[in-house]
Structures are given as structure tokens and as C-alpha cells.
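Worksheet for the structure shown next.
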Amino acid sequence: MRNEIIYDAAGVPDVMVAFTPDELKLPAALKGRKVAEYLIGKYQATLIGGVPHSLPYQKPAVNIDHDEAIRLCEAKGTGWHLITNDEWAALARWSWEHDTIPTGNTNSGKSHSHPEQAGTTYEGSYGKTLTGSGPIEWNHDRTAEGVADMVGNVWEHVGGVRFLNGQVQVIPNNEAAAGADQSKDSKEWTAIYTPDGDPIYFNPIDGEIFVQPHEATEKDYDGDYFTNLHASEIDVPDKLIELGLYPAPGYDSEEYFWVDNNGERVIYRGGAWGNGTSAGVFYLSGGDSRPGSSAGIGFRPAFVRYSGNSGNLDNLEDEATDLSDAPQEDKDTIKANAEKLKQAQEAKTLPGLVRLVIAHQLTTLYKAAGGEDPEGFARMAYEATDKEIQQAAALAMTLAQVNAGVDVYRSISQQLKLASTMTIAIGKEDADHE
């Protein structure tokens with residue numbers, strides 16, 4: 001596992017956590033292509049220019065329905081996708097197996113169980129916190145390297161799983177991460193079967209949820225503790241546990257599990273800022289249809305790097321976007337970012353993730369203010385010392401109040417301190433990268 005920053009063609013970074021397939025026990029091949037790494041968005045998505053990005057100290061994107069979350073992530077380019085349930089459950093299992101189950105924003109900016117753990121709320125948040133603004137205990141491995149905010153803050157759409165009249169269906173082999181058709185009428189949806197060959201249905205009855213081999217005669221919506229799921233009529237297949245749809249033996253929590261067995265229902269994970277004890281890495285909501293959206297539902301981008309696609313600076317020139325038909329302004333931007341990445345790699349020492357992202361934001365502010373030499377300013381920003389960055393960030397906070405279109409990070413010193421403990425790799429992935 002390591003942290004990696006990937007810049008898109010517009011120069012906007014995504015902060016990702018990279019895992020080998022073995023680390024997460026995920027498929028080593030997708031649709032015949034060997035997987036080198038799965039990169040999970042370190043942060044819940046924020047929207048910049050209508051494009052989702054994984055960035056710290058940003059407002060999480062909400063009010064986006066399931067299909068739009070899938071579309072926005074896949075539009076980022078080859079390999080990009082909405083985090084799948086396979087990937088989410090793999091991270092949740094890892095946390096449980098390594099005794100690092102995270103806490104999170106489950107009580108309007110704080111952890112309900114550890115009120116001393118708090119993130120940074122913002123105006124109009126109603127209790128939501130800026131992405132990654134909480135303590136390391138809110139990361140999946142409880143270190144600065146981990147995936148942030150899987151518990152609480154905002155629910156997250158996950159791909160590759162659904163309920164259809166209570167029957168659990170999946171896109172097999174995590175192929176939702178490889179561009180599989182996840183539409184309602186897709187032929188790629190597949191039922192999960194018991195060892196005896198029976199399909200599996202989740203049916204809420206009188207405040208309990210029964211996992212059984214037949215569809216319920218009556219339709220209902222209800223929830224129960226995840227650990228209280230009843231499966232007396234079937235032998236639970238390992239796949240159900242692997243996908244976080246049934247508790248593993250010995251797992252104990254107060255997380256909830258909600259199901260509507262009437263029609264097609266998409267899945268959200270993790271919970272929101274007011275869910276208290278119900279929230280958790282295995283918390284599941286299966287009660288909404290595809291068009292469902294709200295101020296409490298967000299999402300997270302992820303990326304598959306296939307073998308042979310390094311995405312690193314050693315092959316930057318070979319992997320660069322074809323600029324022949326691009327406007328001159330875009331060419332200049334992409335080339336400037338390529339040079340910036342090379343300089344960062346040559347320096348070998350990076351004070352940390354947030355330092356780079358703040359420098360990017362300062363450059364954006366400079367451009368918005370009509371600066372005459374944005375490339376020169378960008379070089380200065382990326383070469384600045386930590387102290388200079390902190391001083392500039394303080395000024396940027398004031399400038400951002402005037403420049404309403406630009407969000408600037410808060411709690412700079414705290415985040416820089418966390419970032420200094422992280423191992424960072426820099427990469428470049430764009431829509432033309434194969």
C-alpha cells in the first residue's frame with residue numbers, strides 16, 4: 001500500500017491509495033487483462049469543473065444519483081470507475097482482519113463514540129466535514145497512509161451490486177471496475193447462489209432481515225443489525241461474506257443493514273454524519289432506486305492500473321497525451337504540469353501531499369486574479385518551503401473569500417504534519433492512457 005498523486009490533463013490532482021490485488025484479495029485480472037494495482041480514492045469525491053476528484057479538505061460532492069456517479073467516474077478516462085462494492089468490502093475486511101476498524105464523522109462533525117475526534121465542518125454543511133479533515137483514526141488503517149472517511153460523513157454509492165426484488169445480484173469478478181454495463185437491464189448482472197444452487201434473497205419481515213432461497217410473497221422495507229441477519233434456510237456462501245453482505249464469524253458491531261425487496265435497489269455504504277452507532281464500514285443501505293440522491297449521499301472514484309501501464313514519471317513522455325489537436329492553452333498547461341512532475345521526481349524529497357495540493361490551489365488563485373506569469377508562479381509555489389507555503393496559505397484563505405469559485409484548505413499545520421509521515425508517489429493518468 002502506498003499513496004500516489006495522479007494529475008489529469010487539466011492539472012488537477014487525484015490523491016489515491018494504491019494496493020496490489022493480493023493486498024486486497026481482489027482479482028488479479030479483469031476481462032482478460034492482468035491488474036497491476038487497484039488505486040482507491042483516498043478521499044470522498046469533490047467536483048472541480050464537473051469532474052470528480054479525490055482531494056483533502058474539500059466539500060464532498062453530494063446530490064448525485066447512482067448512474068451519474070458511475071458516469072462521472074468513468075468519464076475521467078480508461079481505468080477510472082466508481083468504487084465497487086468488491087473494493088469497498090475488501091477494504092472493510094482488511095480493517096477488521098488487522099484490527100483497525102475506523103471511526104468517523106458520525107455525530108455532526110465528531111465521532112459519536114470518541115467525541116474528541118473531530119473533523120472540519122463548513123458553512124451549510126449541516127454536520128458534514130471537509131474530506132480527510134478528521135484524525136488518522138478515521139482512515140481505514142488508522143494511519144496517515146489510509147483511505148479516509150469510510151465511516152460516516154456522507155453515504156457512498158458503490159458499483160457492481162444491487163437488490164432486485166430482494167435477490168442480491170452482482171457484476172462478477174469485480175468487472176464493474178473494468179467498464180462492465182451496470183444499467184438496469186444489463187445482461188451482466190448475475191445472482192449469487194448457495195452451495196446447493198439456490199438464489200439468495202434478502203427479505204425484511206417484522207423488523208428482521210431473512211436471507212433465504214426464495215422471494216418473499218410480501219414486499220417491505222426495513223433494517224436490522226448487520227450481525228443479526230438470519231440465514232437459517234441456507235448455507236451461506238463465502239462470496240456473500242467476501243462482499244460484505246453477511247457478517248463473518250466472530251464479527252461484532254452495531255452497524256445496520258437496510259433492504260427494500262420491492263423492485264431494483266442500488267447500494268450505499270458507510271453511513272452519514274448523523275448515523276451514530278449504525279454507521280460503519282459494513283453499514284449498508286439498499287433502499288433507494290437509481291434516481292435517488294440527497295445532500296447525504298456522495299461517492300468515491302477508483303482506478304485500475306493494468307500491467308504494462310506504469311503511470312509513472314519514467315515513461316511520462318511515452319504516455320503523454322497527444323496534443324496535436326488541442327488548443328495552445330491546453331498544450332501549455334499539460335506541458336507545464338509534466339515539467340512540474342519531473343521536477344518533483346528529481347527533487348526526491350516532498351514535504352507531503354497537502355503541500356503539493358495547496359501549491360496547486362495557490363496557482364489557481366493567482367490565475368483567477370489575473371497574474372501575468374502563471375507558469376513562473378507555479379514554479380515558485382512548488383519550490384517553496386513548508387513555512388512559505390503555510391504563510392501563503394494564510395493569505396490564500398482571505399483571497400478565497402473574495403474568489404468564491406476557489407476552495408482553499410484549512411487547518412494547514414495539522415494536515416502538513418500528517419502529510420509529512422506519508423510516502424508519496426507521483427504519477428500521470430489521463431483519458432488517453434491505456
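The values are calculated or read from the model by the stated rules, or taken from the named source; none is laboratory data. Please read all numbers here as calculations on a predicted model, not as lab measurements. Note: ideal-geometry Cβ built from the backbone for every residue, glycine included; neighbour counts use all protein chains shown. Keep in mind that these areas ignore ligands, DNA and RNA; they rest on the heavy atoms of the full protein, side chains included. Shrake-Rupley method; radii C 1.70, N 1.55, O 1.52, S 1.80 Å.
Which of the residues that make up region 42-85 are in contact with a helix residue (DSSP H, G or I) (Cβ under 9 Å, 6 or more places away or on another chain) and within 15 Å of residue 156 (Cβ to Cβ)?
Of all residues in region 42-85, those in contact with a helix residue (DSSP H, G or I) (Cβ under 9 Å, 6 or more places away or on another chain) come to 42, 45, 47, 50-52, 55-57, 61, 64, 70, 79-85.
Selection gives 42, 45, 47, 52, 61, 64, 70, 81, 82, 83, 84, 85.
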Legend entry - Flag for residue 137 being part of a loop (DSSP other than H, G, I, E, B), farther than 20 Å from residue 38 by Cβ and open to solvent by 30 Å² or more (accessible area, probe 1.4 Å): no
Inset, instruction - Taking the options 276, 263, name whichever one is farther than 19 Å from residue 204 by Cα and of a type in the set (Gly, Ala, Ser). - result: 276
Inset, instruction - Output the residues belonging to region 96-132 that are without any contact (Cβ under 8 Å) to a residue 60 or more places away in the chain and open to solvent by 50 Å² or more (accessible area, probe 1.4 Å). - result: 97, 98, 99, 110, 114, 115, 116, 121, 123, 124
Inset, instruction - Can you tell me which residue among 185, 220, 196 is within 27 Å of the chain's Cα centre (by Cα) and free of Cβ contacts under 8 Å to residues at least 60 places away in the same chain? - result: 185
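Can you tell me which residue among 43, 7 is among the aromatic types (Phe, Trp, Tyr) and at pLDDT below 95? Steps first, answer last, please.
Numbers: 43 fails: at pLDDT below 95.
When all the criteria are applied, what remains is 7.
Looking only at region 45-87, count every residue that is assigned to a strand (DSSP E or B) and of a type outside the set (A, V, I, L, M, F, W, C) and tell me the total.
Filtering region 45-87 for residues assigned to a strand (DSSP E or B) gives 45-48, 51-54, 80-82, 84.
Right, trim to of a type outside the set (A, V, I, L, M, F, W, C) and you get 46, 52-54, 81, 84.
Going through region 45-87 one residue at a time, the tally reaches 6.
Among the residues of region 199-210, what is the count of those that are farther than 16 Å from residue 265 by Cα and in contact (Cβ under 8 Å) with a residue 24 or more places away in the chain? Steps first, answer last, please.
From region 199-210, those farther than 16 Å from residue 265 by Cα are 199, 205-208, 210; that's our starting set.
Filter once more, keeping what is in contact (Cβ under 8 Å) with a residue 24 or more places away in the chain: 199.
Looking only at that region, the number is 1.
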Inset, instruction - Only one of these is more than 21 Å from residue 255 (Cα to Cα) and in contact with a strand residue (DSSP E or B) (Cβ under 9 Å, 6 or more places away or on another chain): 65, 86. Name it. - result: 65
Inset, instruction - Kindly indicate the residue of region 75-90 that is over 13 Å from the mean Cα position of the chain (by Cα) and either closer than 21 Å to residue 293 by Cβ or without any contact (Cβ under 8 Å) to a residue 60 or more places away in the chain (or both) and also least open to solvent (accessible area, probe 1.4 Å) among those meeting that condition. - result: 76
Inset, instruction - Check off (1) modelled with pLDDT under 95; (2) surrounded by 14 or more Cβ atoms within 10 Å (Cβ to Cβ) for residue 247 and give me the number that stays unchecked. - result: (1)
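Go through region 231-285 residue by residue and tally those that are part of a helix (DSSP H, G or I), farther than 23 Å from residue 176 by Cβ and not small (Gly, Ala, Ser). So that I can check it myself, show each step before the final result.
Filtering region 231-285 down to residues part of a helix (DSSP H, G or I) leaves 238-242, 276-278.
Restricting the remaining residues to those that are farther than 23 Å from residue 176 by Cβ gives 276-278.
Next, from what is left, pick out any that are not small (Gly, Ala, Ser): 277.
Adding up the residues that qualify gives 1.
Yes or no, residue by residue, for (1) at pLDDT below 95; (2) small (Gly, Ala, Ser):
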{"site": "216", "(1), (2)": "yes, yes"}
{"site": "222", "(1), (2)": "no, no"}
{"site": "239", "(1), (2)": "no, no"}
{"site": "258", "(1), (2)": "no, no"}
{"site": "269", "(1), (2)": "no, no"}
{"site": "272", "(1), (2)": "no, yes"}
{"site": "279", "(1), (2)": "no, yes"}
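Taking residue 159 as the residue in question, decide whether it is within 20 Å of the chain's Cα centre (by Cα), surrounded by 20 or more Cβ atoms within 10 Å (Cβ to Cβ), under 22 Å from residue 248 (Cα atoms) and at pLDDT 95 or above.
On the way: within 20 Å of the chain's Cα centre (by Cα): yes; surrounded by 20 or more Cβ atoms within 10 Å (Cβ to Cβ): yes; under 22 Å from residue 248 (Cα atoms): yes; at pLDDT 95 or above: yes.
So residue 159 fits the description; yes.
Kindly indicate whether residue 149 is in contact (Cβ under 8 Å) with a residue 12 or more places away in the chain, in contact with a helix residue (DSSP H, G or I) (Cβ under 8 Å, 6 or more places away or on another chain), closer than 17 Å to residue 16 by Cα and buried (at least 22 other Cβ atoms within 10 Å of the Cβ). Break it down stepwise before answering.
Values: in contact (Cβ under 8 Å) with a residue 12 or more places away in the chain: yes; in contact with a helix residue (DSSP H, G or I) (Cβ under 8 Å, 6 or more places away or on another chain): yes; closer than 17 Å to residue 16 by Cα: yes; buried (at least 22 other Cβ atoms within 10 Å of the Cβ): yes.
Yes, satisfied.
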Inset, instruction - For region 1-28, enumerate the residues that are of a type in the set (Gly, Ala, Ser), under 23 Å from residue 92 (Cβ atoms) and surrounded by fewer than 20 Cβ atoms within 10 Å (Cβ to Cβ). - result: 28
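Any idea which residue in region 1-23 is nearest to residue 307 (Cα to Cα), counting only those that are aliphatic (A, V, I, L, M) and outside any loop (DSSP other than H, G, I, E, B)? Break it down into steps so the answer makes sense when it comes.
So the first thing to find is which residues in region 1-23 are aliphatic (A, V, I, L, M), and the list is 1, 5-6, 9-10, 12, 15-18.
Filter once more, so that each one left must be outside any loop (DSSP other than H, G, I, E, B): 5-6, 15-18.
Details: 5: 19, 6: 17, 15: 21, 16: 18, 17: 17, 18: 14 Å.
Within region 1-23, the match that is nearest to residue 307 (Cα to Cα) is 18.
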Legend entry - Failed condition for residue 93, given (1) surrounded by fewer than 21 Cβ atoms within 10 Å (Cβ to Cβ); (2) part of a loop (DSSP other than H, G, I, E, B); (3) of a type outside the set (Ser, Thr, Tyr): (2)
Legend entry - Subset of region 194-234 (residues that are open to solvent by less than 50 Å² (accessible area, probe 1.4 Å), closer than 21 Å to residue 263 by Cα and touching a helix residue (DSSP H, G or I) at 6+ places or on another chain (Cβ under 9 Å)): 200, 209, 211, 223
Legend entry - Residues satisfying the stated conditions in region 187-214, i.e. closer than 19 Å to residue 285 by Cα and charged (D, E, K, R): 206, 208
Inset, instruction - Would you mind finding the one in 182, 169 that is of a type outside the set (Asp, Glu), open to solvent by less than 30 Å² (accessible area, probe 1.4 Å) and in a loop (DSSP other than H, G, I, E, B)? - result: 182
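For region 134-161, enumerate the residues that are farther than 21 Å from residue 64 by Cβ and in contact with a Phe, Trp or Tyr (Cβ under 9 Å, 6 or more places away or on another chain).
Here is the first cut: in region 134-161, the residues farther than 21 Å from residue 64 by Cβ are 134-146.
Those that are farther than 21 Å from residue 64 by Cβ and in contact with a Phe, Trp or Tyr (Cβ under 9 Å, 6 or more places away or on another chain): 140, 141, 146.
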